[in-house]
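Heads up: the structure comes next, in structure tokens.
The values are calculated or read from the model by the stated rules, or taken from the named source; none is laboratory data. Model, not experiment: these values are computed from the prediction. Counting neighbours? That spans all protein chains shown, and the Cβs are built from the backbone with ideal geometry, glycine included. Just so you know, the surface numbers come from the protein's heavy atoms only, side chains and all, with ligands and any DNA or RNA stripped out. Shrake-Rupley method; radii C 1.70, N 1.55, O 1.52, S 1.80 Å.
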Amino acid sequence: MRISVIGTGYLGATHAACMAELGFEVLGLDVDQAKIDSLSRGELPFHEPGLPELLLKHIASGRLRFTTSYEEVGAWADVHFIGVGTPQKAGDNAADLTYVDAATLSLARNITKDALIVGKSTVPVGTARRLQQLVIKNKNDGVDVGFAWNPEFLREGFAVLDTLTPDRLVVGVENAEAEAVLREVYATALAANTPFISTDFETAELVKVAANAFLATKISFINAFSEVTEAVGGDIGTLADAIGHDTRIGRRFLNAGVGFGGGCLPKDIRALQARVSELGLERTMRFLSEVDEINLRRRDRVVFLAEDMLGELAGKKIAVLGVAFKPDSDDVRDSPALDVAARLFNAGADVNVYDPQANANAAQRFPRLNYVGSIANAAHDADLVILLTEWAEFKSLSPTDLDGMVRGKRFIDGRNVLAMGVWQDAGWDITALGHKHLDHQHSGLTRPPING
């Protein structure tokens, strides 16, 4: 069986390399010639642990190659996975389906042998059925082209593991033939007893957005309680541990902090709200607006705390540790860390930023920050240090690592990963989201966001 992957961004490149690792011949397609040339040399445009090794391994083995030709893909592959992006529309909460529509149409017109098209992109419910009709109307006569939907559940930083050893496989199919093909594609995972859920198109589409909506809700739930513990003097970490022992709740994703970001959760919960509104069910997902609002409010809170600790931000030197939206990634899309750093700068602070992987991407989005190459360079003469992405090297920091570097021993732990007592005993004024902080100048939990 030969496999093509349409779109060689984060999802597509990962899926292509992992399909080659599973033993298939794979052809990746993208309309960007520069991206194809880079991938053909084994060079990735993003950071993902373990993926560069797989890419180089299977380019060398001959099982993985890349092209810009739909004609080549259509004549060669038996299964075509669509993994192009579905970004949020400019000025709108809805998903932009331009790329997935174009990819499906180009495939349909160029497939010259019996094949199966499998969508993996995250899309609004109803998209798969519409695309199936697009294929039927535009495919070549005499060619049998099946259609299926197989949502991805990748975690950035663990994408290779999640593809090769998924915790579940969901496929939306309309006949036994399509299901049989996908069972063959995922035979290795099925042999390891991975749950396989075969359903209709609509349920398969909704599983993906439901999972993301639930995770976003869980994160905002604990952050809402962190506002309460900050006000009354409680400890959000202990609270999360206590309720997490309830197996109905669980401890994962109950880490209070600066909130979620990235290219999936924020856009997906907004796109879901837009889609249900189109269906006349706007009240059904209204709670997601508050989930989004709570998440954005955490960014305001970090800026508020910085201003409170320093008296004013203008002219103060602040070290920001981390601008990726999560560790083990260089993704800064809708990153709360980068947003906070930009707000501090716009308020007049001199901001030094260090991230092990994301400096370059952050500089493209907000070039006015001072990006440096180490913790030491970021913390030099700093009046305040703020940890915003929980990279391992930040989590292992001790007070002695920064003593002598900073001008003021002030620290905001935006991810609740440091032992506050140790830092307090070493003479640091340290606070974390979800812990009571003595507000010297302001009252209330939030403040209007700083423009920019």
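Among the residues making up region 58-85, those that are in a loop (DSSP other than H, G, I, E, B) and surrounded by fewer than 21 Cβ atoms within 10 Å (Cβ to Cβ) are G62, R63, T68, S69, D78, G85.
Taking region 369-407 as the range and being of a type outside the set (A, V, I, L, M, F, W, C), assigned to a loop (DSSP other than H, G, I, E, B) and modelled with pLDDT of 95 or more as the test, the residues that pass are G373, S374, H380, D381, D383, T389, E390, S396, S398, R407.
Only one entry of L254, L206 meets the criterion of being out of contact with any strand residue (DSSP E or B) (no Cβ under 7 Å at 6 or more places or on another chain) and open to solvent by less than 10 Å² (accessible area, probe 1.4 Å), and that entry is L254. Among the residues of region 1-47, the ones that are closer than 17 Å to H58 by Cβ, among the small types (G, A, S) and without any contact (Cβ under 8 Å) to a residue 24 or more places away in the chain come to 2 in all. Whenever a residue of region 131-144 is open to solvent by less than 80 Å² (accessible area, probe 1.4 Å), its partners that are of a type in the set (K, R) and modelled with pLDDT of 95 or more, lying with C-beta atoms within less than 7 angstrom and at least six residues away or across chains, give the pairs N138/R109; V143/K113.
Would you say I243 is assigned to a helix (DSSP H, G or I) and open to solvent by less than 10 Å² (accessible area, probe 1.4 Å)? So I243 does not fit the description; no. Pick from region 251-267 the residues that are assigned to a loop (DSSP other than H, G, I, E, B) and of a type in the set (A, V, I, L, M, F, W, C): which of them is nearest to R155 (Cα to Cα)? Checking each candidate, the answer is C264. Number of residues in region 154-185 that are surrounded by fewer than 20 Cβ atoms within 10 Å (Cβ to Cβ), assigned to a loop (DSSP other than H, G, I, E, B) and not hydrophobic (A, V, I, L, M, F, W, C) equals 8.
Do we have any residue at all in region 216-237 that's open to solvent by 40 Å² or more (accessible area, probe 1.4 Å), assigned to a strand (DSSP E or B) and touching a Ser or Thr at 6+ places or on another chain (Cβ under 7 Å)? There is at least one residue in region 216-237 that is open to solvent by 40 Å² or more (accessible area, probe 1.4 Å), assigned to a strand (DSSP E or B) and touching a Ser or Thr at 6+ places or on another chain (Cβ under 7 Å). Considered as a group, the residues in region 299-342 that are among the acidic types (D, E) and within 15 Å of the chain's Cα centre (by Cα) include one that is nearest to V160 (Cα to Cα), and that residue is D328. Hey, any hits in region 108-128 for a residue that's over 29 Å from K326 (Cβ atoms), open to solvent by 20 Å² or more (accessible area, probe 1.4 Å) and touching a residue at least 60 places away in the same chain (Cβ under 8 Å)? There is at least one residue in region 108-128 that is over 29 Å from K326 (Cβ atoms), open to solvent by 20 Å² or more (accessible area, probe 1.4 Å) and touching a residue at least 60 places away in the same chain (Cβ under 8 Å). For P45, the criteria (1) modelled with pLDDT under 95; (2) in contact with a Phe, Trp or Tyr (Cβ under 8 Å, 6 or more places away or on another chain) hold in every case but one, which is (2). Could you please let me know if A211 is open to solvent by less than 50 Å² (accessible area, probe 1.4 Å), out of contact with any Ser or Thr (no Cβ under 7 Å at 6 or more places or on another chain), within 30 Å of G414 (Cβ to Cβ) and in a helix (DSSP H, G or I)? In short, yes.
In region 86-103, the qualifying residues are those that are in contact (Cβ under 8 Å) with a residue 40 or more places away in the chain and assigned to a helix (DSSP H, G or I), and the one that is least open to solvent (accessible area, probe 1.4 Å) is A103. State whether one or more residues within region 84-92 are under 29 Å from A271 (Cβ atoms), within 24 Å of the chain's Cα centre (by Cα) and of a type in the set (A, V, I, L, M, F, W, C). Scanning region 84-92, I find at least one residue that is under 29 Å from A271 (Cβ atoms), within 24 Å of the chain's Cα centre (by Cα) and of a type in the set (A, V, I, L, M, F, W, C), so the answer is yes. The set of residues from region 104-135 being part of a helix (DSSP H, G or I) and among the hydroxyl-bearing types (S, T, Y) comprises T104, S106, T127. Within region 241-289, the set of residues being within 25 Å of the chain's Cα centre (by Cα) and small (G, A, S) comprises G244, G250, A256, G257, G259, G261, G262, G263, A271, A274, S277, S289. Scanning region 14-33 for residues that are farther than 18 Å from L182 by Cβ, touching a Lys or Arg at 6+ places or on another chain (Cβ under 9 Å) and part of a helix (DSSP H, G or I) yields a single hit, A17.
One residue stands out in region 343-377 among those that are of a type outside the set (A, V, I, L, M, F, W, C), open to solvent by 10 Å² or more (accessible area, probe 1.4 Å) and within 18 Å of F394 (Cα to Cα): the one that is farthest from the chain's Cα centre (by Cα), namely N377. Quick check, is A337 touching a Gly at 6+ places or on another chain (Cβ under 7 Å), part of a helix (DSSP H, G or I) and not charged (D, E, K, R)? Criteria met by A337.
Would you call L161 out of contact with any strand residue (DSSP E or B) (no Cβ under 7 Å at 6 or more places or on another chain) and either of a type in the set (D, E) or without any contact (Cβ under 8 Å) to a residue 40 or more places away in the chain (or both)? The answer is no for L161.
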